[in-house]
Amino acid sequence: MKDRTYISTICFAGMPMSEILDIVDMNNFNLEFSSGLPHDPNNINFFNNFNNNFKLLHNYFPAPKVPFVLNLASENKEIRELSLNHCLKNIELSAKNNIDFYTAHAGFCIDPKPDKLGKFIQIEKKFHRSKHIDIFLESLNKILIFAASLKVNFYIENNVVSEQNYAKNKNVNSFLCCESEEINYVINEINRTNFGLLLDTAHLKVSSATLGLEKEKEVEEILDKIKVIHHSDNDGKVDSNEPLDNEYWFLKFKKYYSLWDHVIEVKNIDSDTINNQIEILN
């Protein structure tokens with residue numbers, strides 16, 4: 001399974017890309033080029049030239065010069081087009097680098113500001129969830145048709161809704177695909193062989209606690225949709241990207257691990273801790 005285990009760039013948050021690649025090379029890690037890196041015109045070259053090990057592209061990498069929140073379900077035409085174009089470019093970039101799939105977050109029913117992600121987001125106006133799901137489905141179909149032409153798969157990541165965002169907004173959830181019912185609906189509606197789920201276990205832990213769901217049952221409902229896993233842990237209240245330990249709740253599903261690719265998404269850890277995380281998963 002080690003050949004299918006990747007380290008997210010979030011593990012090295014705040015570190016220049018050149019230093020990240022030095023550490024990755026020294027330790028023979030596979031790397032997911034992910035969100036959280038500042039705009040740097042050289043990042044594309046860093047990605048294209050990284051050929052020592054396996055690599056993946058995720059969501060918002062490479063960060064654009066003018067920040068925006070990638071939202072494939074946005075009613076705002078400009079944001080939706082920016083999001084679509086970003087995903088299409090990364091599908092093409094994946095194909096050019098012989099990468100089988102590209103992953104991005106599910107959409108939102110609102111358009112958060114970039115500096116609000118991970119914090120409390122006030123819902124400022126009413127929305128119709130079904131309308132945003134329809135927009136999301138339309139965006140997904142455009143991406144998946146293009147991806148299929150290049151023989152690339154596209155997987156969406158489940159969003160996280162925290163207790164803070166849910167309760168302070170009078171129990172209204174503005175994030176799509178936080179729980180199994182909606183995830184299954186979206187994937188079944190699309191019904192394409194190059195589509196599936198990137199399951200973020202930390203997101204599911206928080207969302208399940210917020211929405212009063214049993215996280216293990218949620219996993220069982222979407223087992224056949226999962227293609228990739230993002231691994232980190234938290235207290236069930238905040239998506240804090242904490243390290244795994246031997247009590248990590250998702251180890252219960254270890255018998256399925258060989259079916260999936262795995263990404264360690266723990267913030268700010270050193271090489272020894274990364275190797276420990278890999279050992280826990282293996």
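Every number here is computed from the coordinates shown, using simple stated rules; none is lab data. Everything numeric in this text was worked out from a predicted model, so none of it was measured. Here the Cβ is made from the backbone with ideal geometry for all residues, glycine too, and neighbour counts use every protein chain on show.
Let's see if you can work this out: charge +1 on each Lys and Arg Cβ, -1 on each Asp and Glu Cβ, no other charges. What is the dipole magnitude of the chain about its Cα centre, in debye to the nearest 20?
820
Give me P(r) over the range 188-282, computed from all C-alpha to C-alpha distances, binned every 10 Å, as integer percentages.
P(r) for the range 188-282, in whole percents per bin: 15, 48, 30, 7, 0.
Among DSSP beta bridges whose residues both lie in the chain, state the antiparallel percentage, nearest 5.
That works out to approximately 5 percent antiparallel.
Let me check I've understood the local charge: for VAL228, count other residues with C-beta under 12 angstrom from its C-beta, Lys and Arg +1, Asp and Glu -1. What total comes out?
Overall, the nearby charge balance is -3.
Give the Kirkwood hydrodynamic radius (Å, one decimal) of the range 151-203, defined as one over the mean of 1/r across all pairs of different Cα atoms.
After inverting the mean inverse Cα-Cα distance, the result is 12.2 Å.
Show me, for the range 15-25, the HN-Hα J-couplings you get by feeding each phi into the Karplus relation (A = 6.51, B = -1.76, C = 1.60, θ = phi - 60°), rounded to Hz, glycine and proline as x.
8, x, 4, 4, 6, 4, 5, 4, 5, 4, 5
Would you calculate a helix-derived [θ] at 222 nm for the chain, using -39,500 (n - 2.57) for each DSSP H run of n ≥ 4 and dividing by the full residue count, to the nearest 500?
After summing the helix terms and dividing by the residues of the chain, the value is -11500 deg cm²/dmol.
How are the Cα pair distances of the range 134-256 distributed, in percent, across 5 Å bins from 0?
Percent of Cα pairs in each bin: 2, 11, 20, 22, 18, 14, 9, 4, 1.
Going by amide H atoms built from the backbone, whose H comes under 5 Å of the H on VAL161, apart from near neighbours?
Placed amide hydrogens put SER207 under 5 Å from VAL161.
Near the amide H of SER74, under 5 Å away, which other amide H atoms are found, from residues 5 or more places off or on another chain, if H is placed in the peptide plane?
So SER74 has HN proximity to PHE108.
Using modelled amide H (1.01 Å from N, peptide plane; none on Pro or chain starts), what sits under 5 Å from the amide H of TYR6, excluding residues fewer than 5 places away?
Residues meeting the criterion, in which the H sits 1.01 Å from N, are HIS262, VAL263, ILE264.
With θ taken as phi - 60° and the coefficients 6.51, -1.76 and 1.60, list the Karplus ³J(HN,Hα) couplings across the range 94-101 in order, rounded to whole Hz; mark glycine and proline as x.
After applying 6.51 cos²θ - 1.76 cosθ + 1.60, I find 4, 4, 5, 9, 6, 9, 6, 8 Hz.
With a cut-off of 8 Å between alpha carbons and a minimum separation of six or more residues, what is the relative contact order of the range 2-281 in percent?
Reported as a whole number, the value is 19 percent.
List, in order, the whole-Hz ³J(HN,Hα) value for each residue of the range 160-176 obtained from phi through the Karplus relation with A = 6.51, B = -1.76, C = 1.60 and θ = phi - 60°; use x for Gly and Pro.
Residue by residue, the range 160-176 yields 10, 10, 8, 4, 4, 5, 6, 5, 6, 9, 6, 6, 10, 9, 9, 9, 7 Hz.
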